[in-house]
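What follows is a set of notes on a single structure, which appears directly below.
What follows is calculated from the coordinates using simple rules that are stated; it is not laboratory data. Computed from a prediction, not measured in an experiment: that's the story for all the values here. Glycine also receives a Cβ, built like all others from the backbone with ideal geometry; neighbour counts cover every protein chain displayed.
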Amino acid sequence: MAGVATLALAGCTATSNASSTTGLADKFGSRAENRSVYFLTYYNPAGDAFWAQILKGAEDASTLGGLQLTHQTADADPDKMVDLVATATASKPAVIVMPFNEGEKWVKVACDASKAGIKVVAYNVPAPESAADCVSGFVGQDFFEVGTLVGERLAAEAKLGAGDKVLFPAEEPEQNYAIQRGGGVQKALDKVGAKGEYLRTSASDEEALNSLTSWLIANKDVKAVAPLGGTPHRNILAAMEAAGVKVPIVGFDTSPQVIDGIKAGDIIATADQQGFVQGFQSLMQSALAIDFGLAPANINSGGVSLIDKTNVENLEAPDLQGVRW
């Protein structure tokens, strides 16, 4: 198999040329003449391990599928994503692959692309119902279902009861991923009478650490923490140490800090949405769509299990850095 072209992660734009292969015997990887795919990330993979996993999966699948991959990042700027989609549409690629962190705000440009004959595939955060006719398929975690698992595990491990306060920190609590994850966690907490409280941390590690520390100092009666995103999860232990607070943690997403915390017994478990799968399957479905006309499907990239001390070693293989963690 041809090696994956390396993308310049630090920049806004990077392009990976399609593999030199002429495709398989059934014409996968070669049948469609237009093989250009724009892969848009909301957060910058250069500074976020989880989004680096996503991009790695997209790179590998684009090589297998003989796609001409162009990666661009919005750097967590909602307005920039609108511009990126519009610019990509003007370039007339075969497919635009994008998340929908800001939901309705990006529907118009996504539907404009679809009307221009460009297939739009969603990943990480699903498109709103208003984009149902414009977006083909979704690859990502079932946020609410997995949130319920997280809440059940946290309630049991922390022995939560009526009136107990649980912190729900998220990069952007108003985004769909946080609403759905938090909703699932709260559904489980409702059974014991505990109540979650949302906190915006942003996607900046420095801002997240400061926000978490300040909140914990002011709320030392907190009984547990359910980080709803990777940024607060990888900073929660440092914040607890700074604030002099130590309570049970079950959260979402993986990182070296979360893995180390699970191994040390400071974090009970995490829900891995398997970023590599999100990038890989969304690009693989793009190749199948343009070569064979196969409609992209909805794929739950996270499954319905948690990572804890019993299986965390699966994420530590040195040769899988960037793929599993």
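Values as computed for the structure displayed
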quantity: Sparsely packed trypsin sites (Lys or Arg not before Pro) within region 113-167, loop by DSSP, other Cβ within 10 Å at most 12; calculated: Lys159
quantity: 0 to 90° range, to nearest 10: angle between helix 49-64 axis and the chain longest Cα axis; calculated: 20 degrees
quantity: Links that overshoot a 21 Å alpha carbon limit, given the list Lys246/Lys309; Lys187/Lys309; Lys105/Lys187; Lys220/Lys309; calculated: Lys187/Lys309; Lys105/Lys187; Lys220/Lys309
quantity: Selection from Phe144, Ala226, Leu55 lying farthest towards where the dipole of the chain points positive, charges on Cβ; calculated: Phe144
quantity: Net dipole in debye of the chain [+1 Lys, Arg Cβ; -1 Asp, Glu Cβ; about Cα centre; nearest 20]; calculated: 360 debye
quantity: Cα-Cα P(r), region 247-288, percent of pairs per 5 Å interval; calculated: 6, 22, 22, 14, 11, 10, 8, 5, 2, 0
quantity: Of all DSSP beta bridges in the chain, antiparallel share, percent nearest 5; calculated: 15 percent
quantity: DSSP loop GluC sites (Glu not before Pro) with at most 16 other Cβ within 10 Å: longest gap in the chain; calculated: 175-315
quantity: Contour minus Cα-Cα distance for Leu288 and Asp83 (0.36 nm per residue); calculated: 71.1 nm
quantity: Area projected by the alpha carbon convex hull of region 188-259, averaged over all directions, nm²; calculated: 4.7 nm²
quantity: Length-normalised contact order of the chain in % [C-alpha pairs under 8 Å, at least 6 apart]; calculated: 19 percent
quantity: Difference of contour (0.36 nm per residue) and Cα-Cα distance, Ala162 to Ala116; calculated: 11.2 nm
quantity: Within straight-line cross-link reach of Lys108, lysines at Cα separation under 21 Å, skipping those fewer than 8 residues along the same chain; calculated: Lys80, Lys92, Lys119
quantity: Coil-residue trypsin sites (Lys or Arg not before Pro) of region 169-205, DSSP, other Cβ within 10 Å capped at 13; calculated: Lys191
quantity: Region 204-246: trypsin sites (Lys or Arg not before Pro) falling in loop per DSSP and having at most 14 other Cβ within 10 Å; calculated: Lys220, Lys246
quantity: Label-point gap, in nm, between Glu33 and Glu241 - each point 7 angstrom along Cα→Cβ; calculated: 6.0 nm
quantity: Once the Cα gyration tensor of region 221-318 is diagonalised, semi-axes √(5λ) in Å; calculated: 34, 13, 11
quantity: Within region 238-262: backbone nitrogen closer than 16 Å to the Glu316 label point (7 Å, Cα to C-beta); calculated: 255-262
quantity: Mean separation of Cα contacts under 8 Å, 6 or more apart, over the residue count of region 229-310: relative contact order %; calculated: 28 percent
quantity: Intensity falloff of region 143-271 expressed as log10 I(q)/I(0), Debye formula with alpha-carbon point scatterers, at q = 0.11, 0.14, 0.16 Å⁻¹; calculated: -0.30, -0.49, -0.66
quantity: Dipole magnitude of region 143-271, debye to nearest 20 (Cβ charges: Lys/Arg +1, Asp/Glu -1, about Cα centre); calculated: 460 debye
quantity: Kirkwood hydrodynamic radius over Cα pairs of the chain, then Stokes diffusion coefficient at 37 °C and 0.692 mPa s, in µm²/s; calculated: 163 µm²/s
quantity: Between helix 230-243 and the chain: long-axis angle, C-alpha atoms, 0 to 90°, nearest 10; calculated: 30 degrees
quantity: Using alpha-carbon coordinates, inclination of helix 275-292 to the longest axis of the chain, degrees; calculated: 20 degrees
quantity: Percent of Cα pairs exceeding the 18 Å cut-off, where the set is region 71-166; calculated: 53 percent
quantity: Pairwise FRET efficiency - Leu24 versus Glu197, Cβ, R0 = 41 Å, nearest 0.05; calculated: 0.20
